[in-house]
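Asker: One structure, as structure tokens, below. Some questions next.
Every read-out reported here was derived from the displayed coordinates using simple, explicitly stated rules and does not represent laboratory data. Just so it is clear, the structure is predicted and the values come from calculations on it, not from any experiment. Cβ coordinates were reconstructed from backbone atoms using ideal geometry, including for glycine residues, and neighbour counts include every protein chain displayed.
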Amino acid sequence: MKEVIDINNANKTKNMVLTAMFTALITAGAYIRIPVPVCPFTLQFLFTTLAGIILGKNRGAAATALYVVLGLAGLPVFTGGGGIGYVLQPTFGYLIGFIAGSYITGAIAHSGKASAKRILMGCFAGLAVVYAMGMIYYYMISAVYMHEPIGLGTLFLYCFVLAVPGDIVLCILSAALAKRLMPVIHAKGTV
């Protein structure tokens, strides 16, 4: 009986460490920026996607949500700093999208055998969720709160056309990395 308890505690510890590690990676990804007008391109998407694939839908979304909570609590983990006022930034919708995207990616990646094709499908579905939530939020905050409405064409150009090619590459990279990392991380049947 003691062995079973020790194994369960080891699993819980490993899961907490992995969740914290992915929260830290997402934070680091926020500081790796490629300047693009309007919506900055960062590596947050790479790490939120990997969190969903490797940790699964619930823990992946939890790691991403923890990142958002830390930022809203005032820690400067977001690309533009932190604090509760960040919810009024037009790009905050992408952060909300990262949580949902991580969940969707993990749900699809683990809905059957985690094949490369299924994982890649999950990545692209998560990407679609992130962009949908991010662009809708950007449009609404710009128009309603900032009273500086952005045209749909401009929004589509800067928040989709210029950014999505890099994120498509990140989807492919995420799927390839996940296929390599999952056997190592799940080696003893944990997570």
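Asker: Quick check on the exposure proxy: order ARG180, ARG33, ARG59 from fewest to most C-beta atoms within 10 angstrom. Please report the intermediate quantities before stating the final value.
Answerer: On the way: ARG180 8, ARG33 13, ARG59 20.
The most exposed by this proxy come first: ARG180, ARG33, ARG59.
Asker: Now for a different question. Applying 1/(1 + (r/R0)^6) with R0 = 22 Å to the Cβ-Cβ distance of ALA116 and ILE185, what FRET efficiency is obtained, to the nearest 0.05? Write out the running numbers ahead of the final one.
Answerer: On the way: r = 17 Å, r/R0 = 0.76.
It comes to 0.85.
Asker: Distance in nm between label sites at MET146 and THR13, each 7 Å beyond Cα in the beta-carbon direction?
Answerer: Using points 7 Å along Cα→Cβ, the separation is 4.7 nm.
Asker: Report the residue, chosen from ILE53, ILE96, ILE168, that carries the largest GNM mean-square fluctuation when the chain is represented by alpha-carbon nodes joined by springs under 10 Å.
Answerer: ILE168
Asker: Could you work out the relative contact order of region 2-185, using alpha carbon pairs under 8 angstrom and six or more residues apart, expressed as a whole percent?
Answerer: Values: 285 pairs, mean separation 39.9, N = 184.
The normalised contact order for region 2-185 reaches 22 percent.
Asker: Among all helices in the chain defined by DSSP H, which have a length of 27 Å or more along the axis from Cα atoms plus a Kyte-Doolittle mean of at least 1.0?
Answerer: On the way: long enough: 2-31 (44 Å, 0.26); 116-140 (36 Å, 1.21); 164-185 (30 Å, 1.58).
Both cut-offs are met by 116-140, 164-185.
Asker: Can I get the semi-axes of region 33-136's equivalent ellipsoid? Compute them from the C-alpha gyration tensor as square roots of 5 times the eigenvalues, in angstrom, largest first.
Answerer: Working: eigenvalues 119, 42, 22 Å².
They are 24, 14, 10 Å, listed largest first.
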